[in-house]
Every structure is written in C-alpha cells, then in structure tokens.
Amino acid sequence: MRKCRQCRGPIPSSKDCTDPYTRGGFCDIACYGLHKAKKDKEAKDKRQRKEHAARKESIKTKAEHARESQAAFNAWIRARDQGLPCISCDKADDGSHQRHASHYRSRGACPEIAYEPLNVHTSCAQCNTMKSGNILEYRIRLVKKIGQSAVDWLEGPHEAKRYTIDELKEIKARYRRLLRELQFDT
C-alpha cells in the first residue's frame, strides 16, 4: 500500500484509480492542498531570504568588505599551512592551540601586500599577539622557507594600493574558492 505524501495515510493503488490526486501520491484533495500551500510558502520564504541577502549586501561598507576578504584570506592561509610549525617559534601544530595568519609586513604598515601569500604564514597565538609577531625569529625562518630574494622583495618598496569594493569582493570570492579546493583535496 502506498502512503500519502502529506499525511502518510494509506492510498489505494494507482492502477485502478482515476482520481488525479491519488495518482499524484495524495489521499484526497485536502492533503494535496496542504502540500501545495506548504511548497508555496517554502518558495516564498526562499525568495524573501534571497532578496533580504541582496539588500543587506548592497548596503555593506568598504570596511565590511575588507573585513570579510581578510577573513577569507586568513582562513585560506591557516588551511594552507595546516600541520606546519609556527613561523616564529617552530612550535608544532598539534591542534590544541589557536593558529593565526601572521603578516610579516603588517597590514597597517604595508596594505598593498596584505593579500600577498608570501607575506602571510601561520603562527601560534602567543607569538602573533603577545610578541607582536616575534619578527626577528619570523624573518630568520621566512628566509629559510621562501628564500632571501623573496624576503628582499617583501621588504622593498611597493606601489600604493587602495582596493575598491569590487576588488575586495573578488579577493573574498577567490580565497573562499581556494579554501574549498584545499578542503576538498584533504
């Protein structure tokens, strides 16, 4: 015996039935009406959520977009460097301590390379917050990791960069996509 799609009650076999509601998987017109109303409400709610999200996105400030793009970039850095020791003190990543995406050249001092992957590596929370990045040790290990020429490039002058909202949205989208790819691969 088949069950009604709405009330889960028994319905007769569709072979000998001419009722269109029964053939559609409902016991009667009332159950069909309840099911249709439920589906219509779900579609309306989904449309309203989408419109609300679009309105919310349209009023975001540049600072909010910058925060979101930096968060996406930092999440990708932490995923990229998962399992590697702290760049500043070589403390192993055993999963019990919080890991930060630590900038060699800070975002405030050098915003033009804030989203440069060579400039950012994971470090333990103690080095990044309590020791302001532990920069002397960071530099020593950074030279070993990426080479002296890359470190010289990071320390050199860079063209000033002021990101637009569209560029920040693109950065956020790119690093979210890269994070998904990293998570999918593991």
Residue, nearest to LYS161 (Cα to Cα), within the range 118-135, restricted to residues that are surrounded by fewer than 16 Cβ atoms within 10 Å (Cβ to Cβ) and not aliphatic (A, V, I, L, M): SER132
Test: residue in the range 100-117 that is among the acidic types (Asp, Glu), assigned by TED's automatic domain parsing to the domain that holds ARG177, touching a Gly at 6+ places or on another chain (Cβ under 6 Å) and free of Cβ contacts under 8 Å to residues at least 40 places away in the same chain: no
Flag if TYR138 is surrounded by 13 or more Cβ atoms within 10 Å (Cβ to Cβ), outside any helix (DSSP H, G or I) and either at pLDDT below 95 or not β-branched (Val, Ile, Thr) (or both): no
Residues of the range 23-71 classified as among the aliphatic types (A, V, I, L, M) and more than 30 Å from HIS103 (Cα to Cα), total: 7
Any chance ALA150 is farther than 19 Å from GLU64 by Cα, in contact (Cβ under 8 Å) with a residue 24 or more places away in the chain, assigned by TED's automatic domain parsing to the domain that holds LEU84 and in a helix (DSSP H, G or I): yes
Scan of the range 151-186 for residues that are under 21 Å from CYS110 (Cα atoms) and loosely packed, with under 10 Cβ neighbours inside 10 Å, ordered by number: GLY156, PRO157, GLU159, ALA160, ARG162, ASP166
Among (1) closer than 20 Å to ALA92 by Cβ; (2) in contact (Cβ under 8 Å) with a residue 24 or more places away in the chain; (3) among the hydrophobic types (A, V, I, L, M, F, W, C), the one test that ILE171 misses: (1)
So TYR104, is it closer than 30 Å to ILE59 by Cβ and aromatic (Phe, Trp, Tyr): no
Lone qualifier among ALA101, ALA114, ALA109 - being aliphatic (A, V, I, L, M) and surrounded by fewer than 18 Cβ atoms within 10 Å (Cβ to Cβ): ALA109
Residue, nearest to the chain's Cα centre (by Cα), within the range 118-134, restricted to residues that are in contact (Cβ under 8 Å) with a residue 40 or more places away in the chain and outside any strand (DSSP E or B): ASN128
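The values are calculated or read from the model by the stated rules, or taken from the named source; none is laboratory data. It should be emphasised that the depicted structure is a prediction, and the values quoted were computed from it without experimental measurement. In this analysis, Cβ positions are derived from the backbone assuming ideal geometry, glycine residues included, and neighbour counts consider all displayed protein chains.
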